[in-house]
Structure formats: structure tokens, C-alpha cells
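Input: a single structure, listed below in C-alpha cells.
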Amino acid sequence: MAGALVCGAITAGALAGVLSALDEYQVSDYADMDPTIGAAGALVAAIAAAAVIGVIRVRPRPHMVVPLLLVPAVILPLVAGLERNRVEAGLLWGAVAFAIHLSIGRRRATTAIAVTLILAAGLTWALQDRWRGQKFEAVGIPLYVPDVPGHDLVGAWAGRYSVTLRLTGDVDVWLTSGDFVRCRRGATDRFVTLEGRPAVCLPGGDDAAMVVDVPPQTPFTVRPVDGAELARYPDDGTPREPD
């Protein structure tokens, strides 16, 4: 059992090493290097972990296979589209690594490993909304949505420094911050941007504002939301951060 625990620690460490090299939250945009880092890191970490296990185990072959298969299988989906929380994903799949290594050589090992993988994959899927909601919160901008007559929220996307929304009728909304906004903390002033779009200062943040792609005279109000609510909306077709 001691040897299996050591192998589990090696495989879990390989997973943690790759996850730590990624951005905290997955942001699919022009600056996203996570797929490249994840794919290369998973390959290197898997081979390295298998090599270390091969050195320390008397009968290493079954244990060597675990990191070679598990590390890429965990990392690649997390960099190719699934949401992630590095700490929670690392703890979940690190526990799976220990469970698999401890199952090797025991009765009904195949069944135990299969059940472990199915449960972990299901839990990862169940955590997607939670992890996506955390991504909205992590942007650091007060989260609001506009109530524009005749337009409903249909999409939301969390970037690196802004949140973008899509309303019916192809109305785009940006929650952003910066010196150009010139909003005071707690202010709710309404103004018109240089592009002629209406904007409103968002309470709860410094230099944070919502810009709505409608005519300046269009009436609308804003209401606060949390990341969990925005996570219910897809990001397909939602505009990315403006250059």
C-alpha cells in the first residue's frame, strides 16, 4: 500500500504541476495560451511521472500507465473548453489518482477504477456552473445587467478585465473599467461615450461602468446580479473584449 500511495502522490503532483502553470480561470480569447501550455505540460508531466514511478517500483508497469493516461485525460478537457478551478480540480483529480493506484492489484480493480472515473467526471461536469460563476466574480468589476425595454439577456462572457453581455436584438453590453470612465466609487451617473453610446457608472467599483450599444436616448435601468446568475447564460455569440 505504501508504494501505491507514493505512486498516487507522484501522479497527483504531476496534475498539480500542470494546473499551476495555467491561468486561474479559462478565458478563451486571442491571449489564451492555456491549450498549448496544457497539452505540452500534460505530455511532459505524464512522461516524467511514469519515469519516476518506473524507477521506484519493483513491478511498475501498471502504475506507470496511470499518469500516462490520466494526466492528459484530465488536463486536455480543462484547457480545451471546460471551465475550471485549479485548486478544486487538482484536489478532485488528485484524489482520483490515489484511488486508482490503490485499486491496482486488488480484486475487482477494473470495476473500482471505472466507477471512480465516472464519478469524478460527473462531479467535474456538475461543477461547471460553479466554476464559471467564479470566473465572472474574479474579473473584479461590479456585476450588473441592463433592463432595456424589448431586450432580454441571452449571453454572458467573462474576460480578463471586462464582462460582455448579449441581449436579444444583437444588443451588446460591456462592463468595464478604466480612466476613461471617470466614475467615482458608488456613483450611478449616466453619460455618453465618445462613440455615442450610453453608459452608466456602476456602484461598488472604482472607474467601473456599463456601456450599452443602443441609441443615447434609449431608457434603461441596471440591476445587480452575481456570477452564478450570469453563468446560466451561454457565451456563444457573445462579443469578446474590445481591443
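The values are calculated or read from the model by the stated rules, or taken from the named source; none is laboratory data. Note that this is a predicted model, so its numbers are computed, not measured. Virtual Cβ from ideal backbone geometry, glycine too; neighbours counted across all protein chains shown. Accessible surface is based on the protein model in full, side chains and every heavy atom, while ligands, DNA and RNA are left aside. Shrake-Rupley method; radii C 1.70, N 1.55, O 1.52, S 1.80 Å.
Descriptive notes on the structure:
- Where GLU24 falls short, out of the listed (1) surrounded by fewer than 17 Cβ atoms within 10 Å (Cβ to Cβ); (2) not in a loop (DSSP other than H, G, I, E, B): (2)
- Of the criteria (1) in a loop (DSSP other than H, G, I, E, B); (2) closer than 23 Å to ASP226 by Cα, which one GLY105 fails: (2)
- Odd one out for ALA31 among (1) touching a Pro at 6+ places or on another chain (Cβ under 9 Å); (2) surrounded by fewer than 17 Cβ atoms within 10 Å (Cβ to Cβ): (1)
- Some residue of the stretch 162-180 being touching a residue at least 24 places away in the same chain (Cβ under 8 Å), out of contact with any strand residue (DSSP E or B) (no Cβ under 7 Å at 6 or more places or on another chain), open to solvent by 40 Å² or more (accessible area, probe 1.4 Å) and under 21 Å from GLY140 (Cβ atoms): yes
- Pairing residues of the stretch 74-97 that are in a helix (DSSP H, G or I) with residues that are open to solvent by 10 Å² or more (accessible area, probe 1.4 Å) and small (Gly, Ala, Ser), at Cβ distances under 6 Å and at least 6 apart in sequence or on separate chains, gives GLY90/ALA16; GLY94/ALA12; ALA97/ALA12.
- Residue check for GLY54: assigned to a helix (DSSP H, G or I), modelled with pLDDT under 95, among the small types (Gly, Ala, Ser) and more than 30 Å from LEU230 (Cβ to Cβ): yes
- Options VAL154, VAL192; residue that is open to solvent by 40 Å² or more (accessible area, probe 1.4 Å), of a type in the set (A, V, I, L, M) and either within 14 Å of PRO239 (Cβ to Cβ) or at pLDDT 85 or above (or both): VAL154
- So ILE10, is it without any contact (Cβ under 8 Å) to a residue 40 or more places away in the chain and open to solvent by 30 Å² or more (accessible area, probe 1.4 Å): no
- Restricting the first member to the stretch 107-129 and to residues that are within 13 Å of ALA95 (Cα to Cα), and the second to residues that are of a type outside the set (A, V, I, L, M, F, W, C) and open to solvent by less than 80 Å² (accessible area, probe 1.4 Å), the beta-carbon pairs closer than 6 Å and six or more apart or on different chains are ILE113/SER103.
- Condition met for VAL145 (surrounded by 13 or more Cβ atoms within 10 Å (Cβ to Cβ), under 20 Å from GLU229 (Cβ atoms), touching a residue at least 12 places away in the same chain (Cβ under 8 Å) and out of contact with any Asp or Glu (no Cβ under 9 Å at 6 or more places or on another chain)): no
- Residue match in the stretch 220-241 (condition: part of a loop (DSSP other than H, G, I, E, B), more than 28 Å from ARG130 (Cβ to Cβ) and either hydroxyl-bearing (Ser, Thr, Tyr) or open to solvent by less than 50 Å² (accessible area, probe 1.4 Å) (or both)): yes
- Being in a strand (DSSP E or B), closer than 24 Å to VAL79 by Cα and of a type in the set (A, V, I, L, M, F, W, C) is a description that does not apply to ALA209.
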